[in-house]
DNA sequence: CAGTATGGTGTACGATCGTACACTACGCAA
DNA sequence: TTGCGTAGTGTACGATCGTACACCATACTG
(Lines give C-alpha, C1' and ligand atoms only; values in the text may rest on other atoms or scores of the structure.)
Protein backbone atom coordinates (compact mmCIF):
# COMPACT_ATOMS: atom_id res chain seq x y z
CA UNK A 1 0.00 0.00 0.00
CA UNK A 2 1.32 3.41 -0.93
CA UNK A 3 1.79 6.02 1.73
CA UNK A 4 -1.07 8.50 1.52
CA UNK A 5 0.43 11.05 3.89
CA UNK A 6 1.92 13.24 1.12
CA UNK A 7 -1.54 13.50 -0.40
CA UNK A 8 -3.06 14.39 2.97
CA UNK A 9 -0.32 16.93 3.57
CA UNK A 10 -0.96 18.49 0.19
CA UNK A 11 -4.59 19.02 1.08
CA UNK A 12 -3.52 20.61 4.34
CA UNK A 13 -1.04 22.91 2.59
CA UNK A 14 -3.63 24.02 0.08
CA UNK A 15 -6.04 24.78 2.91
CA UNK A 16 -3.34 26.68 4.72
CA UNK A 17 -2.53 28.72 1.61
CA UNK A 18 -6.17 29.71 1.52
CA UNK A 19 -6.82 30.49 5.18
CA UNK A 20 -3.40 30.79 6.78
CA UNK A 21 -4.48 28.49 9.56
CA UNK A 22 -4.31 24.76 10.28
CA UNK A 23 -7.90 23.62 10.75
CA UNK A 24 -9.25 21.49 13.58
CA UNK A 25 -9.01 17.71 13.60
CA UNK A 26 -12.62 17.42 12.53
CA UNK A 27 -12.05 19.71 9.58
CA UNK A 28 -8.89 17.87 8.61
CA UNK A 29 -10.88 14.66 8.68
CA UNK A 30 -13.41 15.88 6.12
CA UNK A 31 -10.65 17.63 4.17
CA UNK A 32 -8.66 14.46 3.53
CA UNK A 33 -11.55 12.03 3.73
CA UNK A 34 -10.89 10.04 6.88
CA UNK A 35 -12.45 9.81 10.31
CA UNK A 36 -11.61 12.27 13.05
CA UNK A 37 -9.38 9.71 14.77
CA UNK A 38 -7.69 9.05 11.45
CA UNK A 39 -6.89 12.74 11.31
CA UNK A 40 -5.51 12.60 14.85
CA UNK A 41 -3.19 9.75 13.93
CA UNK A 42 -2.15 11.51 10.72
CA UNK A 43 -1.34 14.71 12.59
CA UNK A 44 0.64 12.72 15.14
CA UNK A 45 2.79 11.49 12.26
CA UNK A 46 3.14 15.02 10.89
CA UNK A 47 4.17 16.33 14.31
CA UNK A 48 6.75 13.58 14.64
CA UNK A 49 8.10 14.40 11.17
CA UNK A 50 8.35 18.11 11.98
CA UNK A 51 5.59 19.37 9.70
CA UNK A 52 3.14 20.45 12.37
CA UNK A 53 3.48 21.65 15.92
CA UNK A 54 1.07 22.35 18.72
CA UNK A 55 0.41 25.66 20.38
CA UNK A 56 0.00 25.69 24.16
CA UNK A 57 -3.77 25.62 23.70
CA UNK A 58 -3.57 22.33 21.82
CA UNK A 59 -4.37 23.95 18.51
CA UNK A 60 -2.25 23.07 15.53
CA UNK A 61 0.23 25.32 13.79
CA UNK A 62 2.66 24.79 10.91
CA UNK A 63 6.29 23.92 11.67
CA UNK A 64 9.42 24.23 9.57
CA UNK A 65 8.92 21.24 7.31
CA UNK A 66 5.42 22.40 6.48
CA UNK A 67 6.84 25.16 4.31
CA UNK A 68 9.61 23.18 2.70
CA UNK A 69 9.01 22.61 -0.99
CA UNK A 70 10.46 19.82 -3.01
CA UNK A 71 13.39 20.86 -5.13
CA UNK A 72 14.01 19.35 -8.51
CA UNK A 73 17.66 19.53 -9.37
CA UNK A 74 19.38 19.19 -12.67
CA UNK A 75 21.73 16.46 -11.59
CA UNK A 76 20.90 13.31 -13.58
CA UNK A 77 20.35 11.35 -10.40
CA UNK A 78 18.60 13.89 -8.29
CA UNK A 79 14.98 14.34 -7.55
CA UNK A 80 15.15 14.27 -3.82
CA UNK A 81 16.77 17.47 -2.55
CA UNK A 82 14.27 19.37 -0.48
CA UNK A 83 13.92 23.12 -0.74
CA UNK A 84 15.66 23.61 2.57
CA UNK A 85 18.89 22.60 0.91
CA UNK A 86 18.78 25.29 -1.74
CA UNK A 87 17.35 27.94 0.53
CA UNK A 88 19.69 27.23 3.41
CA UNK A 89 18.15 27.77 6.81
CA UNK A 90 15.20 29.68 5.41
CA UNK A 91 11.91 27.84 5.50
CA UNK A 92 9.97 30.10 3.17
CA UNK A 93 10.82 32.26 0.18
CA UNK A 94 10.09 35.23 2.42
CA UNK A 95 12.65 34.14 4.95
CA UNK A 96 15.15 33.51 2.19
CA UNK A 97 14.76 36.91 0.54
CA UNK A 98 14.08 39.16 3.53
CA UNK A 99 16.78 39.12 6.15
CA UNK A 100 15.83 42.24 8.09
CA UNK A 101 12.05 42.62 7.91
CA UNK A 102 11.87 45.87 9.85
CA UNK A 103 14.10 47.73 7.41
CA UNK A 104 12.93 46.06 4.21
CA UNK A 105 10.44 47.35 1.66
CA UNK A 106 9.24 46.16 -1.70
CA UNK A 107 9.57 48.29 -4.80
CA UNK A 108 7.89 47.75 -8.12
CA UNK A 109 10.06 48.20 -11.20
CA UNK A 110 9.14 50.46 -14.09
CA UNK A 111 11.23 50.63 -17.21
CA UNK A 112 14.02 48.50 -18.58
CA UNK A 113 17.13 50.44 -17.64
CA UNK A 114 18.39 47.48 -15.59
CA UNK A 115 17.37 44.75 -17.99
CA UNK A 116 20.88 43.31 -18.35
CA UNK A 117 20.91 42.73 -14.61
CA UNK A 118 17.79 40.59 -15.00
CA UNK A 119 15.52 43.32 -13.64
CA UNK A 120 12.55 43.72 -15.95
CA UNK A 121 9.58 46.03 -16.10
CA UNK A 122 6.99 44.79 -13.64
CA UNK A 123 9.40 42.93 -11.40
CA UNK A 124 9.45 43.48 -7.66
CA UNK A 125 12.60 44.25 -5.74
CA UNK A 126 13.42 43.57 -2.12
CA UNK A 127 15.09 46.74 -0.92
CA UNK A 128 16.92 47.05 2.35
CA UNK A 129 17.03 50.60 3.62
CA UNK A 130 20.63 51.61 3.87
CA UNK A 131 21.97 55.00 2.93
CA UNK A 132 25.57 53.82 2.67
CA UNK A 133 25.66 50.76 0.42
CA UNK A 134 28.82 49.37 -1.05
CA UNK A 135 30.04 50.38 -4.47
CA UNK A 136 29.01 48.05 -7.26
CA UNK A 137 25.68 47.16 -5.64
CA UNK A 138 22.32 47.84 -7.20
CA UNK A 139 20.70 50.68 -5.28
CA UNK A 140 17.49 52.64 -5.14
CA UNK A 141 18.57 56.26 -5.45
CA UNK A 142 16.70 59.55 -5.26
CA UNK A 143 17.62 61.83 -8.17
CA UNK A 144 15.77 65.14 -8.40
CA UNK A 145 12.94 63.72 -6.32
CA UNK A 146 12.47 60.66 -8.47
CA UNK A 147 13.36 57.13 -7.52
CA UNK A 148 15.61 55.22 -9.83
CA UNK A 149 17.31 51.85 -9.74
CA UNK A 150 20.92 51.68 -10.88
CA UNK A 151 24.37 50.33 -10.12
CA UNK A 152 26.28 52.52 -7.68
CA UNK A 153 29.69 53.33 -9.18
CA UNK A 154 32.60 55.59 -8.36
CA UNK A 155 34.83 57.37 -10.90
CA UNK A 156 37.11 60.33 -11.24
CA UNK A 157 34.12 62.65 -10.89
CA UNK A 158 32.87 60.94 -7.76
CA UNK A 159 29.94 58.60 -7.28
CA UNK A 160 27.51 58.09 -10.10
CA UNK A 161 24.74 55.76 -11.20
CA UNK A 162 25.15 53.28 -14.02
CA UNK A 163 22.23 51.51 -15.73
CA UNK A 164 22.42 47.91 -16.94
CA UNK A 165 21.29 48.83 -20.44
CA UNK A 166 23.55 50.44 -23.07
CA UNK A 167 20.62 52.53 -24.34
CA UNK A 168 20.67 54.60 -21.16
CA UNK A 169 23.32 57.07 -20.03
CA UNK A 170 25.17 57.13 -16.75
CA UNK A 171 23.71 59.54 -14.21
CA UNK A 172 26.05 62.01 -12.54
CA UNK A 173 24.51 63.84 -9.58
CA UNK A 174 24.26 67.59 -9.99
CA UNK A 175 24.13 68.47 -6.33
CA UNK A 176 24.01 65.40 -4.17
CA UNK A 177 23.26 61.73 -4.44
CA UNK A 178 20.67 60.36 -2.06
CA UNK A 179 20.63 56.60 -1.63
CA UNK A 180 17.39 55.16 -0.40
CA UNK A 181 18.48 51.57 -0.03
CA UNK A 182 20.18 48.58 -1.50
CA UNK A 183 18.52 45.98 -3.72
CA UNK A 184 19.03 42.60 -2.07
CA UNK A 185 16.54 40.47 -3.97
CA UNK A 186 14.06 40.30 -6.79
CA UNK A 187 11.00 38.29 -7.73
CA UNK A 188 8.46 38.13 -10.49
CA UNK A 189 5.31 36.28 -11.46
CA UNK A 190 4.86 35.03 -15.00
CA UNK B 1 -7.06 58.48 26.20
CA UNK B 2 -4.64 57.15 23.63
CA UNK B 3 -5.66 54.31 21.37
CA UNK B 4 -4.36 51.09 22.86
CA UNK B 5 -5.06 48.96 19.81
CA UNK B 6 -1.50 49.21 18.41
CA UNK B 7 -0.21 47.88 21.72
CA UNK B 8 -2.73 45.04 21.66
CA UNK B 9 -1.82 44.30 18.05
CA UNK B 10 1.86 44.20 18.93
CA UNK B 11 1.17 41.57 21.56
CA UNK B 12 -0.77 39.58 19.00
CA UNK B 13 2.03 39.85 16.44
CA UNK B 14 4.58 38.71 18.97
CA UNK B 15 2.43 35.71 19.78
CA UNK B 16 1.99 34.97 16.10
CA UNK B 17 5.73 35.16 15.44
CA UNK B 18 6.18 32.58 18.16
CA UNK B 19 3.41 30.13 17.29
CA UNK B 20 2.30 30.97 13.74
CA UNK B 21 -1.30 31.03 14.86
CA UNK B 22 -3.80 33.59 16.14
CA UNK B 23 -4.95 32.41 19.57
CA UNK B 24 -8.51 32.14 20.80
CA UNK B 25 -10.47 35.08 22.20
CA UNK B 26 -9.87 33.88 25.73
CA UNK B 27 -6.12 33.70 25.14
CA UNK B 28 -6.10 37.11 23.50
CA UNK B 29 -7.89 38.47 26.55
CA UNK B 30 -5.19 37.31 28.96
CA UNK B 31 -2.50 38.21 26.43
CA UNK B 32 -3.46 41.88 26.26
CA UNK B 33 -5.01 42.14 29.70
CA UNK B 34 -8.71 42.68 29.04
CA UNK B 35 -11.84 40.62 29.47
CA UNK B 36 -12.90 38.08 26.91
CA UNK B 37 -15.56 40.42 25.56
CA UNK B 38 -12.97 43.15 25.39
CA UNK B 39 -10.94 40.86 23.19
CA UNK B 40 -13.99 40.19 21.03
CA UNK B 41 -14.54 43.91 20.51
CA UNK B 42 -10.84 44.44 19.83
CA UNK B 43 -10.78 41.69 17.23
CA UNK B 44 -13.91 43.15 15.62
CA UNK B 45 -11.96 46.36 15.16
CA UNK B 46 -8.98 44.47 13.75
CA UNK B 47 -11.21 42.59 11.31
CA UNK B 48 -12.80 45.84 10.18
CA UNK B 49 -9.35 47.35 9.68
CA UNK B 50 -8.16 44.35 7.67
CA UNK B 51 -5.66 42.96 10.15
CA UNK B 52 -7.51 39.78 11.00
CA UNK B 53 -9.93 37.57 9.15
CA UNK B 54 -12.08 34.63 10.09
CA UNK B 55 -11.83 31.11 8.75
CA UNK B 56 -15.09 29.29 7.99
CA UNK B 57 -14.87 27.61 11.38
CA UNK B 58 -14.93 30.96 13.15
CA UNK B 59 -11.30 30.72 14.13
CA UNK B 60 -9.10 33.72 13.56
CA UNK B 61 -6.36 34.05 10.99
CA UNK B 62 -4.05 36.89 9.98
CA UNK B 63 -5.08 39.10 7.06
CA UNK B 64 -3.16 41.47 4.83
CA UNK B 65 -2.62 44.34 7.23
CA UNK B 66 -1.38 42.00 9.93
CA UNK B 67 1.90 41.63 8.04
CA UNK B 68 2.22 45.18 6.78
CA UNK B 69 5.31 46.77 8.25
CA UNK B 70 5.50 50.41 9.14
CA UNK B 71 7.21 52.50 6.50
CA UNK B 72 10.18 54.09 8.19
CA UNK B 73 11.18 57.62 7.25
CA UNK B 74 9.73 60.09 4.82
CA UNK B 75 8.99 59.08 1.29
CA UNK B 76 8.00 61.18 -1.72
CA UNK B 77 4.65 60.55 -3.30
CA UNK B 78 4.43 57.37 -5.25
CA UNK B 79 6.71 55.33 -3.11
CA UNK B 80 4.75 54.87 0.07
CA UNK B 81 3.07 51.61 -0.91
CA UNK B 82 3.66 48.92 1.65
CA UNK B 83 4.16 45.39 0.45
CA UNK B 84 0.52 44.46 0.81
CA UNK B 85 -0.56 47.07 -1.69
CA UNK B 86 1.90 45.84 -4.27
CA UNK B 87 1.05 42.20 -3.83
CA UNK B 88 -2.71 42.64 -3.83
CA UNK B 89 -4.47 40.02 -1.74
CA UNK B 90 -1.30 38.10 -1.06
CA UNK B 91 0.13 38.46 2.40
CA UNK B 92 3.63 37.27 1.88
CA UNK B 93 5.91 36.76 -1.09
CA UNK B 94 5.24 33.06 -0.68
CA UNK B 95 1.52 33.56 -1.00
CA UNK B 96 2.03 35.81 -3.97
CA UNK B 97 4.24 33.42 -5.89
CA UNK B 98 2.87 30.03 -4.85
CA UNK B 99 -0.81 29.50 -5.55
CA UNK B 100 -1.00 25.74 -5.20
CA UNK B 101 1.61 24.66 -2.68
CA UNK B 102 1.00 20.93 -2.99
CA UNK B 103 1.79 20.85 -6.70
CA UNK B 104 4.58 23.43 -6.68
CA UNK B 105 8.31 22.80 -6.69
CA UNK B 106 11.38 24.99 -6.83
CA UNK B 107 13.94 24.59 -9.58
CA UNK B 108 17.39 26.06 -9.65
CA UNK B 109 18.51 27.55 -12.94
CA UNK B 110 21.76 26.63 -14.65
CA UNK B 111 22.86 28.32 -17.83
CA UNK B 112 21.73 31.40 -19.68
CA UNK B 113 19.53 30.00 -22.43
CA UNK B 114 16.54 31.95 -21.10
CA UNK B 115 18.37 35.15 -20.28
CA UNK B 116 16.18 37.35 -22.48
CA UNK B 117 13.20 36.24 -20.43
CA UNK B 118 14.96 37.56 -17.34
CA UNK B 119 15.92 34.09 -16.15
CA UNK B 120 19.58 34.07 -15.19
CA UNK B 121 22.03 31.47 -14.01
CA UNK B 122 21.50 30.89 -10.31
CA UNK B 123 17.89 32.08 -10.22
CA UNK B 124 15.16 29.98 -8.66
CA UNK B 125 11.94 29.21 -10.48
CA UNK B 126 8.54 28.43 -9.04
CA UNK B 127 7.27 25.54 -11.12
CA UNK B 128 3.73 24.23 -11.02
CA UNK B 129 3.53 20.60 -12.01
CA UNK B 130 1.32 20.39 -15.06
CA UNK B 131 1.93 18.14 -18.02
CA UNK B 132 -0.33 20.11 -20.37
CA UNK B 133 0.64 23.77 -20.21
CA UNK B 134 -0.50 26.33 -22.74
CA UNK B 135 1.57 27.23 -25.77
CA UNK B 136 3.79 30.25 -25.32
CA UNK B 137 4.41 29.56 -21.64
CA UNK B 138 7.82 28.91 -20.15
CA UNK B 139 7.97 25.25 -19.22
CA UNK B 140 10.28 22.75 -17.60
CA UNK B 141 10.63 19.95 -20.14
CA UNK B 142 12.38 16.61 -20.05
CA UNK B 143 14.48 16.05 -23.16
CA UNK B 144 16.49 12.83 -23.33
CA UNK B 145 16.35 12.54 -19.56
CA UNK B 146 17.63 16.04 -18.90
CA UNK B 147 15.62 18.92 -17.56
CA UNK B 148 15.54 22.09 -19.59
CA UNK B 149 13.69 25.39 -19.35
CA UNK B 150 12.30 26.84 -22.57
CA UNK B 151 9.31 28.46 -24.21
CA UNK B 152 6.77 25.92 -25.42
CA UNK B 153 5.98 26.63 -29.07
CA UNK B 154 4.07 24.96 -31.87
CA UNK B 155 5.01 25.03 -35.56
CA UNK B 156 4.55 23.09 -38.73
CA UNK B 157 6.64 20.24 -37.33
CA UNK B 158 4.62 20.10 -34.11
CA UNK B 159 5.55 21.27 -30.64
CA UNK B 160 9.07 22.38 -29.96
CA UNK B 161 11.11 24.28 -27.39
CA UNK B 162 12.44 27.77 -27.98
CA UNK B 163 15.14 29.38 -25.85
CA UNK B 164 15.18 33.08 -24.99
CA UNK B 165 18.71 33.54 -26.23
CA UNK B 166 19.69 33.80 -29.93
CA UNK B 167 22.91 31.88 -29.23
CA UNK B 168 20.91 28.70 -28.64
CA UNK B 169 18.95 26.65 -31.19
CA UNK B 170 15.33 25.59 -31.00
CA UNK B 171 14.83 22.07 -29.73
CA UNK B 172 12.66 19.70 -31.74
CA UNK B 173 11.76 16.49 -29.94
CA UNK B 174 13.08 13.36 -31.57
CA UNK B 175 10.58 10.97 -30.11
CA UNK B 176 8.31 12.63 -27.60
CA UNK B 177 8.18 15.79 -25.57
CA UNK B 178 7.68 15.37 -21.85
CA UNK B 179 6.55 18.44 -19.98
CA UNK B 180 7.33 18.47 -16.29
CA UNK B 181 5.58 21.68 -15.35
CA UNK B 182 4.99 25.31 -16.05
CA UNK B 183 7.14 28.16 -14.76
CA UNK B 184 4.84 30.52 -12.85
CA UNK B 185 7.35 32.63 -10.95
CA UNK B 186 10.98 33.41 -10.35
CA UNK B 187 13.12 34.89 -7.61
CA UNK B 188 16.74 35.68 -6.97
CA UNK B 189 18.98 37.03 -4.25
CA UNK B 190 21.64 39.58 -5.10
C1' DC C 1 -27.09 69.80 28.39
C1' DA C 2 -28.78 65.53 26.19
C1' DG C 3 -27.53 62.12 22.80
C1' DT C 4 -24.56 58.80 21.11
C1' DA C 5 -20.55 56.30 19.74
C1' DT C 6 -16.71 53.86 21.89
C1' DG C 7 -14.12 50.66 24.88
C1' DG C 8 -14.93 48.11 28.43
C1' DT C 9 -17.04 44.11 32.05
C1' DG C 10 -20.00 40.05 33.43
C1' DT C 11 -22.79 36.13 32.63
C1' DA C 12 -24.65 32.50 30.02
C1' DC C 13 -25.12 28.73 26.49
C1' DG C 14 -25.05 25.51 22.65
C1' DA C 15 -21.47 23.94 19.53
C1' DT C 16 -17.19 22.35 18.79
C1' DC C 17 -12.72 21.04 20.26
C1' DG C 18 -8.92 17.92 21.72
C1' DT C 19 -8.29 13.69 24.03
C1' DA C 20 -8.97 8.94 25.47
C1' DC C 21 -10.26 4.14 25.01
C1' DA C 22 -11.77 0.13 22.49
C1' DC C 23 -11.84 -2.15 18.29
C1' DT C 24 -10.97 -3.79 13.15
C1' DA C 25 -8.17 -4.72 8.96
C1' DC C 26 -3.93 -5.38 6.70
C1' DG C 27 1.08 -6.24 5.74
C1' DC C 28 5.18 -8.24 7.17
C1' DA C 29 8.62 -10.74 9.67
C1' DA C 30 9.88 -14.50 13.07
C1' DT D 1 1.13 -19.45 11.88
C1' DT D 2 1.52 -16.40 15.35
C1' DG D 3 2.71 -11.89 16.64
C1' DC D 4 3.05 -7.09 16.06
C1' DG D 5 3.24 -2.53 14.20
C1' DT D 6 0.50 0.56 11.27
C1' DA D 7 -3.65 2.90 9.44
C1' DG D 8 -8.04 3.38 10.19
C1' DT D 9 -13.23 3.57 12.48
C1' DG D 10 -16.63 4.53 16.30
C1' DT D 11 -18.09 6.35 20.56
C1' DA D 12 -17.83 9.20 24.47
C1' DC D 13 -16.76 13.24 27.52
C1' DG D 14 -15.10 17.28 29.96
C1' DA D 15 -13.03 21.58 28.50
C1' DT D 16 -12.98 25.28 25.71
C1' DC D 17 -14.68 27.93 22.01
C1' DG D 18 -17.33 31.61 19.61
C1' DT D 19 -21.46 34.16 20.13
C1' DA D 20 -25.14 36.78 22.24
C1' DC D 21 -27.32 39.95 25.44
C1' DA D 22 -27.29 43.24 29.21
C1' DC D 23 -24.89 46.74 31.40
C1' DC D 24 -21.33 50.59 32.65
C1' DA D 25 -18.06 54.62 32.07
C1' DT D 26 -15.90 57.96 29.31
C1' DA D 27 -15.53 61.23 25.51
C1' DC D 28 -17.12 63.80 21.95
C1' DT D 29 -20.82 66.50 19.58
C1' DG D 30 -24.97 69.03 18.29
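The values are calculated or read from the model by the stated rules, or taken from the named source; none is laboratory data. Just so it is clear, the model here is predicted, and its values are computed rather than measured. Please note: Cβ atoms are built from the backbone with ideal geometry, for glycine as well, and neighbour counts cover all protein chains shown.
Please tell me if residue A:115 is farther than 21 Å from residue B:14 by Cβ, within 11 Å of DNA strand C (Cβ to nearest atom) and modelled with pLDDT of 85 or more. Give the steps one after another, and end with the answer.
On the way: farther than 21 Å from residue B:14 by Cβ: yes; within 11 Å of DNA strand C (Cβ to nearest atom): no; modelled with pLDDT of 85 or more: yes.
No; evaluated as a whole, the condition is false for this residue.
Would you pick out the residues in the stretch A:133-145 that are facing chain B (nearest Cβ under 10 Å) and within 12 Å of residue A:161 (Cβ to Cβ)? First the steps, then the outcome.
First, pick out the residues of the stretch A:133-145 that are facing chain B (nearest Cβ under 10 Å): A:137-138, A:140, A:142, A:145.
Answer for the stretch A:133-145, where residues must be facing chain B (nearest Cβ under 10 Å) and within 12 Å of residue A:161 (Cβ to Cβ): A:137, A:138, A:140, A:142.
Only one residue in A:26, A:63, A:49 is within 26 Å of residue B:52 (Cα to Cα) and more than 12 Å from DNA strand C (Cβ to nearest atom). Which one?
From the options A:26, A:63, A:49, the qualifying one is A:63.
Look at the stretch A:111-132 and say how many of its residues are within 11 Å of chain B (Cβ to nearest Cβ), more than 25 Å from residue B:112 (Cβ to Cβ) and over 20 Å from the mean Cα position of the chain (by Cα). Talk me through it step by step, then tell me what you get.
Let us first name the residues in the stretch A:111-132 that are within 11 Å of chain B (Cβ to nearest Cβ), namely A:112, A:114-129, A:131.
Still in the list and also more than 25 Å from residue B:112 (Cβ to Cβ): A:127-129, A:131.
Restricting the remaining residues to those that are over 20 Å from the mean Cα position of the chain (by Cα) gives A:131.
The qualifying residues number 1.
Go through the residues of the stretch A:91-106 one by one and say whether even a single one is at the interface with chain B (Cβ under 10 Å from one of its Cβ atoms), modelled with pLDDT under 85, surrounded by fewer than 14 Cβ atoms within 10 Å (Cβ to Cβ) and at positive phi.
No, the stretch A:91-106 contains no residue that is at the interface with chain B (Cβ under 10 Å from one of its Cβ atoms), modelled with pLDDT under 85, surrounded by fewer than 14 Cβ atoms within 10 Å (Cβ to Cβ) and at positive phi.
For every residue, the table says whether it meets (1) within 14 Å of chain B (Cβ to nearest Cβ); (2) modelled with pLDDT of 90 or more.
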{"site": "A:21", "(1), (2)": "yes, yes"}
{"site": "A:26", "(1), (2)": "yes, yes"}
{"site": "A:35", "(1), (2)": "no, no"}
{"site": "A:42", "(1), (2)": "no, yes"}
{"site": "A:45", "(1), (2)": "no, no"}
{"site": "A:57", "(1), (2)": "yes, no"}
{"site": "A:60", "(1), (2)": "yes, yes"}
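If you go through the stretch A:1-10, how many residues are within 11 Å of chain B (Cβ to nearest Cβ) and exposed (fewer than 15 other Cβ atoms within 10 Å of the Cβ)?
Taking the stretch A:1-10 and keeping what is within 11 Å of chain B (Cβ to nearest Cβ), we get A:6-10.
From what's left, exposed (fewer than 15 other Cβ atoms within 10 Å of the Cβ): A:6-7.
Qualifying residue count for the region: 2.
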